[in-house]
Amino acid sequence: MKRIVILMGGLALVTPLHADDSAAEAALAAVRDLGRVNGQALACGHADTAKWTRVLMLNHAPKIRRYGEAFEEGTQESFVALGREPGQCPDGSAIATRLEEVTQKLRTVLPVQPPEK
């Protein structure tokens, strides 16, 4: 009986950690998606959209290495992919639509944090 109580206590501690891991993975995925939009915007010459993706990144993502790397990976991935296939650039409205989708996802998983005082 004592072993069951210890096991149940251990499981109670693991479950919140798993929930935190999945929330962190969802946040990283959203940042990576934002990077992909950034890469598309850069590769296709939509400078205003690229600027906006950086603003969103700065406003939503925690200022830690993992998030910066996820953004850069997404940027490189889509930039290089479009560089291999010139002429495959989506138009500005398609990129803007994708940016809006990613923005909604970011607002859900990484709400804007108030500035520290």
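Miscellaneous remarks
- Applying a threshold of 9 Å to beta carbon distances and a minimum spacing of six or more residues, or different chains, the list of pairs starting in segment 83-100 at a residue that is open to solvent by 70 Å² or more (accessible area, probe 1.4 Å) and ending at one that is charged (D, E, K, R) reads ARG98/ASP33; ARG98/ARG36.
- Any hit, segment 62-82, residues being open to solvent by 70 Å² or more (accessible area, probe 1.4 Å), modelled with pLDDT under 95, part of a helix (DSSP H, G or I) and under 16 Å from LEU106 (Cα atoms): no
- Subset of segment 45-59 that is more than 20 Å from ASP91 (Cα to Cα) and either under 12 Å from the mean Cα position of the chain (by Cα) or touching a residue at least 12 places away in the same chain (Cβ under 8 Å) (or both) - its residue that is surrounded by the most Cβ atoms within 10 Å (Cβ to Cβ): LEU56
The values are calculated or read from the model by the stated rules, or taken from the named source; none is laboratory data. Quantities reported herein were computed from a predicted structural model and do not represent experimental measurements. For neighbour counting, all protein chains shown are included, and Cβ atoms are generated from backbone atoms with ideal geometry for every residue, glycine included. Each accessible area value is taken on the protein alone, full model and side chains, heavy atoms only, with ligands, DNA and RNA left out. Shrake-Rupley method; radii C 1.70, N 1.55, O 1.52, S 1.80 Å.
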